[in-house]
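J.: Below is a structure I'd like to ask you about.
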Amino acid sequence: MEIRLSDIDKTYGNSKEKQVIFKDMNARFPFGSISVIIGKSGVGKSSLLNLISGIDLPDSGSIHIGDAVLSEMKDIRRTIFRRRHIGFVYQSFNLIPVLTVLENVTLIAELDKAPKAKYLNSAHTLLNAVGLMDRRNDTPDRLSGGEQQRVAIVRALVNDPDILLADEPTGNLDVETGKIILELMTDLVRQRHKTLIMVTHSADAMAYADHIYAVRDRGLILRQKDQALS
């Protein structure tokens, strides 16, 4: 699914302490592409992902995902759309402490009433891929931070979404595990014609990108790969 943001304005705070995040921002993320978002802390990288996912709404402007206008949907419809079409890897793990690894991974698919055999097969395949199949019956408190991040990534992928949004997905992982996760996500995009937008500072992740954008001056600026870290 192609993602288009048109004339986006977004501010936070009140009239006395207003922070303008985006002003007349326009962006296009082509179908089946991998885009990396870079920028300094606090400039709006996570806010951009929240807008694309429908977790947050712009003050003005429109957000199109495929033929759907996400910015015009009511809350319930946006939630259902996100559940079926968007996988999100958060900066914090957001795992439910009383559920096992497998239960955390399959929760969204269960809520969406997906066929159980299908999502269990997907969960097992992905847990194997990130080396956590033998931890599937453990609760999050028995996992390291890196293991919890891998569970969060599998959860985002298990429902076979059209779009993956990732906020520093390898930030808490060692280099080798991070490479495995990047391979997993980019293979999904390439092989199944999906769209990935990733906020990251990882040079390894940038190597997979079709497009690299910098959040700057309340908008997005396309960068060349050799400029990305400058």
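The values are calculated or read from the model by the stated rules, or taken from the named source; none is laboratory data. None of these values were measured; they are calculated from a predicted model. Every residue, glycine as well, gets a Cβ built from its backbone with ideal geometry; the counts of neighbours run over all protein chains shown.
J.: Name the pairs whose Cβ atoms lie under 6 Å apart, with the first residue in region 44-66 and touching a residue at least 40 places away in the same chain (Cβ under 8 Å), the second assigned to a strand (DSSP E or B) and of a type in the set (F, W, Y), and 6 or more positions between them or separate chains?
T.: As it stands, the answer is S53/F88, since those pairs meet every condition given.
J.: I'm checking my understanding of the structure. Among residues of region 94-115 that are over 19 Å from the mean Cα position of the chain (by Cα), outside any loop (DSSP other than H, G, I, E, B) and at pLDDT 90 or above, which one is farthest from L184 (Cα to Cα)?
T.: Checking each candidate, the answer is E103.
J.: Filter region 30-74 down to residues that are at positive phi and surrounded by 21 or more Cβ atoms within 10 Å (Cβ to Cβ), then give me how many there are.
T.: 2
J.: Tell me, yes or no, whether region 32-54 has at least one residue that is closer than 21 Å to I181 by Cα, at pLDDT 90 or above and assigned to a loop (DSSP other than H, G, I, E, B).
T.: Within region 32-54, one or more residues are closer than 21 Å to I181 by Cα, at pLDDT 90 or above and assigned to a loop (DSSP other than H, G, I, E, B).
J.: Do we find a residue being among the aliphatic types (A, V, I, L, M), farther than 25 Å from K40 by Cβ and out of contact with any helix residue (DSSP H, G or I) (no Cβ under 7 Å at 6 or more places or on another chain) anywhere in region 196-215?
T.: For region 196-215, residues among the aliphatic types (A, V, I, L, M), farther than 25 Å from K40 by Cβ and out of contact with any helix residue (DSSP H, G or I) (no Cβ under 7 Å at 6 or more places or on another chain): absent.
J.: Same structure again: Check whether at least one residue in region 161-177 is in contact (Cβ under 8 Å) with a residue 40 or more places away in the chain, crowded, with 18+ Cβ neighbours inside 10 Å and at positive phi, and report yes or no.
T.: Looking through region 161-177, at least one residue is in contact (Cβ under 8 Å) with a residue 40 or more places away in the chain, crowded, with 18+ Cβ neighbours inside 10 Å and at positive phi.
J.: For region 123-146, which positions are among the β-branched types (V, I, T) and closer than 21 Å to E183 by Cα?
T.: T125, V130
J.: Does V69 meet the test of being at pLDDT 95 or above, of a type in the set (A, V, I, L, M) and farther than 30 Å from E147 by Cα? Break it down into steps so the answer makes sense when it comes.
T.: Values: at pLDDT 95 or above: yes; of a type in the set (A, V, I, L, M): yes; farther than 30 Å from E147 by Cα: yes.
So V69 passes the test.
J.: Could you check region 12-23 and list, in sequence order, the residues that are within 13 Å of R218 (Cβ to Cβ), out of contact with any helix residue (DSSP H, G or I) (no Cβ under 9 Å at 6 or more places or on another chain) and at pLDDT below 95?
T.: K18, Q19, V20
J.: Which pairs turn up if I take residues in region 185-197 that are without any contact (Cβ under 8 Å) to a residue 24 or more places away in the chain and on the phi > 0 side of the Ramachandran plot and look for partners that are in a strand (DSSP E or B) and not hydroxyl-bearing (S, T, Y) with beta carbon separation below 9 Å, at least 6 apart in sequence or on another chain?
T.: none
J.: I'd like to know if region 17-29 contains one or more residues that are surrounded by 14 or more Cβ atoms within 10 Å (Cβ to Cβ), under 18 Å from the mean Cα position of the chain (by Cα), assigned to a strand (DSSP E or B) and touching a residue at least 60 places away in the same chain (Cβ under 8 Å).
T.: Taking every residue of region 17-29 in turn, at least one turns out to be surrounded by 14 or more Cβ atoms within 10 Å (Cβ to Cβ), under 18 Å from the mean Cα position of the chain (by Cα), assigned to a strand (DSSP E or B) and touching a residue at least 60 places away in the same chain (Cβ under 8 Å).
J.: A follow-up question, please. Sort out which residues of region 75-93 are in a loop (DSSP other than H, G, I, E, B) and either in contact with a Phe, Trp or Tyr (Cβ under 8 Å, 6 or more places away or on another chain) or surrounded by 13 or more Cβ atoms within 10 Å (Cβ to Cβ) (or both), and write them in order of number.
T.: Narrowing region 75-93 to residues in a loop (DSSP other than H, G, I, E, B): 90-93.
Scanning region 75-93 gives Y90, Q91, F93.
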